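Novice: There's a structure below that I have some questions on.
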Amino acid sequence: MDHLRKPEPNHQPLDLSAQVEQVLHTHVKQGEHLCIALSGGVDSMVLLDVLAIFSRQMQFTLSTVHVNHGISNNATRWSQFCCERSYDYGVSISVTYLHVRKARGVSLEASAREQRYRVFSEVSADYVVLAHHLDDQAETLLLQLLRGAGIRGLSGMPVIRQQQQRHRAKLLRPLLNVSRHQIERYAQCNNLTWVVDESNDDTAYDRNFLRHEVLPVLKKRYTNYAKTLTRTSRHLSEASALLDELAEIDSERCMVSGQLDLSCLRRLEAPRVKNLLRYTLVRQGIQLPNTGTMENLTQQLLLMRDDAQLRVDLVDYEIRCFKGAVYILHKIESAPIQAHERYLIDSESVIWNDEIGQEMQYAYGKIEFSWSESQGICRKKIASRLLAIRLRVGGESFKPACNRPNRSLKNLLQEAFIPPWHRKLLPLLFCEDRLIWVPGIGIDCDFQVKSGEMGVLPVWHPMKITKPGKCKDF
């Protein structure tokens, strides 16, 4: 099969440019940077040709990004083609090479898409411009419908969307109201060349099966089915937006100190609880669970006792309850400490030599020290002595209040409402063999600085979880 195609021009193009121009004038400002997701296919090549013209007229910066998934034997050839065409148009290109593996329970197509969008989230630009068009929108609606998606899933692709991280480039789709037929006629009339992905003919993929087997039959009876289905998506998008507004109202009422309050959830009907849970998960960039898991989670939250234990698995995340609050945790936050991490923690120690700005590293964060008047650790008590971070092993005692007796650390952590999964990760600061500081609890009475004196104040900085399986430095 030919993988480069250059057909003879035979028709005048429809008003594709005018539709793209309208989107650009609505969303793009002079001087902004647009980066085209360039696959080399006819859709993205038409997008490159049109935006190259408007970039000069509207004075915005244009570049391209190409993702080589490594799935096809022609992938390297396509990458070379995209580089050559970008050079022809005088725009810079960034190529990312991936090795896509099929995850358990996830199609190869879905895995490739997830990794592709992860690349887009790292692009340094104002917009990542995608070549999705009217027929893509119709196909997406049908696929989602056949998968049993809810209103959010049936809303289709928006013209513009903010990625999960607010500082990332927005996704822009200026061809959403343009049909595949319009795109192909534009390419023909402008003598464009493009590559053809042989997998587009493989009906083993759901989208290709719809495109080649189902939609041609549908088109015989419903000529304008693509526009009709897109209109349906817009209606559902409006309904989804209204549900988000309702969820935002419920979130303001039920969110306490960053966690959903269980007693507030129980005052809502089950559909509103599910709507709020979906809204909360989406805002945190977490993949929504299937219908059965969501139903089970909602029922447990509404029926469980206040002191009952709850743990619902969401792939990279899990939902737990503690003291009437619902916690959505990355599994790194609640996972057992591994052997190598124990070694890291147990071996982290330093001789205190009156050095402020000193840090002590920890598997899930770090401790910084600073001077503070009338609070902190007495510097004389720790001078030239060994400070060490250790994990809680059980049986520790502690006396943070001088007017109260020595108490078990276990009881102090319970009274401070520190969740069980956080207790096992807390860095305990020891001076020799004496526990002298616990984050969230305080400093041992015998080591506290006197009023008016300068003390050594330890501050705990936990590591921030930013992506599934990845952590961000402090």
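Novice: Taking 45 Å as R0, compute the FRET efficiency from the Cβ-Cβ separation of V315 and S451 and round it to 0.05.
Specialist: Details: r = 51 Å, r/R0 = 1.14.
FRET efficiency, V315 to S451: 0.30.
Novice: Can I ask one more? Among the aspartates and glutamates, which fall within straight-line cross-link reach of K450, defined as a Cα-Cα distance under 18 Å, with same-chain neighbours fewer than 8 residues apart omitted?
Specialist: Partners found: D354, E373.
Novice: For the range 305-314, just list the computed ³J(HN,Hα) in residue order, Karplus coefficients 6.51, -1.76 and 1.60, θ = phi - 60°, integers in Hz, with x standing in for Gly and Pro.
Specialist: Here the 3J(HN,Hα) series is 6, 4, 9, 6, 8, 10, 8, 10, 7, 10 Hz.
Novice: With labels modelled as points extended 7 Å from the Cα through the Cβ direction, what inter-label distance (nm, one decimal) is found for V214 paired with R113?
Specialist: With each label placed 7 Å out from Cα toward Cβ, I get 1.3 nm.
Novice: So, one more: For the chain, what is the charge dipole size about the Cα centre, in debye to the nearest 20, if Lys and Arg each add +1 at the Cβ and Asp and Glu each add -1 at the Cβ?
Specialist: 900
Novice: Would you compute, from DSSP H runs of 4+ residues alone, the mean residue ellipticity of the chain at 222 nm, taking -39500 (n - 2.57) per run and dividing by the full residue count, rounded to the nearest 500?
Specialist: When only DSSP H runs of four or more count, the value is -11500 deg cm²/dmol.
Novice: Work out the charge dipole of the chain with +1 on the Cβ of Lys and Arg and -1 on the Cβ of Asp and Glu about the Cα centre, then indicate which of H330, H33, Q115 is farthest towards its positive end.
Specialist: Checked the options; the winner is H330.
Novice: What is the packing order of peptides 23-33, 301-311, taking the mean over residues of other C-beta atoms within 10 Å and listing the highest first? Working shown, then result.
Specialist: Working: 23-33: 14.3, 301-311: 12.0.
With the highest mean Cβ count within 10 Å placed first, the list reads 23-33, 301-311.
Novice: If you don't mind, another one. Can you list residues whose amide H is under 5 Å from W437's amide H, if they're 5+ apart or on another chain and H is modeled 1.01 Å from N?
Specialist: L429, D444
Novice: Still on this structure, I have one more. Find how much the distance from N224 to D261 grows on full extension, using 0.36 nm per residue of separation minus their present alpha carbon separation; answer in nm with one decimal.
Specialist: Gain on stretching N224 to D261: 8.5 nm.
Novice: Next question, about the same structure. Stretch I351-E32 to full length: gain in nm at 0.36 nm per residue minus the Cα-Cα span? Mind showing how you got there, number by number?
Specialist: Numbers: separation 319, 0.36 × 319 = 114.84 nm, distance 5.23 nm.
Gain on stretching I351 to E32: 109.6 nm.
Novice: Quick one: if the Förster radius is 22 Å, what FRET efficiency do R168 and S92 give, using the C-beta to C-beta distance and rounding to 0.05?
Specialist: 0.70
Novice: Another question about this same structure. Could you go through the range 246-253 in sequence order and give the Karplus-derived ³J(HN,Hα) for each residue, using 6.51 cos²θ - 1.76 cosθ + 1.60 with θ = phi - 60°, rounded to whole Hz, and x for Gly and Pro?
Specialist: Those phi angles translate into 5, 5, 5, 4, 5, 5, 4, 7 Hz.
Novice: What length, rounded to one decimal in nm, is gained on full extension from A401 through to D433, with 0.36 nm per residue of separation minus their alpha-carbon distance? Kindly include the intermediate steps, with their values, before the conclusion.
Specialist: Values: separation 32, 0.36 × 32 = 11.52 nm, distance 1.96 nm.
That works out to 9.6 nm of additional length.
Novice: Now for a separate question. Quick query: amide H of V178 versus all other amide H atoms, modeled in the peptide plane; which residues come in under 5 Å with a sequence gap of 5 or more or a different chain?
Specialist: Here the answer is L134, since their amide H atoms fall under 5 Å of that of V178.
Novice: Post the alpha-carbon centroid distance, the range 356-395 to the range 115-184, in whole angstrom.
Specialist: 49
Novice: Now for a different question. Share of antiparallel DSSP beta bridges in the chain, in percent to the nearest 5? Walk me through the intermediate numbers first.
Specialist: On the way: 51 of 68 bridges.
The antiparallel proportion sits near 75 percent.
Novice: Which net charge results for the neighbourhood of I151, defined as the other residues with beta-carbon distances under 12 angstrom from its beta-carbon, given Lys and Arg at +1 and Asp and Glu at -1? Walk me through the numbers on the way to the answer.
Specialist: On the way: positive: R152, K274, R278; negative: E238, D244.
Here the count lands on +1.
Novice: Sketch the reach of a paramagnetic label on T293 as a point 7 Å from Cα along Cα-to-Cβ, and name the residues of the range 262-278 whose backbone nitrogen lies under 17 Å away.
Specialist: Of the residues in the range 262-278, 274-278 have backbone N under 17 Å from the label point off T293.
Novice: Step through the residues of the range 451-463 one at a time and calculate ³J(HN,Hα) from phi using the Karplus curve (6.51 cos²θ - 1.76 cosθ + 1.60, θ = phi - 60°), rounding each to whole Hz and writing x for Gly and Pro.
Specialist: Coupling constants for the range 451-463: 4, x, 9, 8, x, 9, 9, x, 10, 8, 10, x, 6 Hz.
Novice: Under the rule of at least 5 residues apart or a separate chain, name every residue whose amide H is placed under 5 Å from the amide H of V91.
Specialist: So V91 has HN proximity to no qualifying residue.
Novice: Also: Arrange the peptides 284-296, 141-153 so that the one whose residues have, on average, the most other Cβ atoms within 10 Å appears first.
Specialist: 141-153, 284-296
Novice: Pairs to check: K323/K424; K331/K380; K170/K227; K331/K399. Give those whose C-alpha atoms are more than 29 Å from each other in this structure.
Specialist: Listed pairs above 29 Å: K331/K380; K331/K399.
Novice: Still on this structure, I have one more. Using R₀ = 25 Å, calculate the FRET efficiency as 1/(1 + (r/R₀)^6) where r is the Cβ-Cβ separation of M463 and T76; round to 0.05. It would help to have the intermediate numbers written out before the result.
Specialist: Details: r = 38 Å, r/R0 = 1.52.
That gives a FRET efficiency of 0.05.
Read the figures in this text as sums done on the coordinates, not as results from a lab. Keep in mind that this is a model prediction, so the values were computed, not measured. Neighbour counts are summed over all protein chains in view; Cβ atoms, including those assigned to glycine, are modelled from backbone coordinates with ideal geometry.
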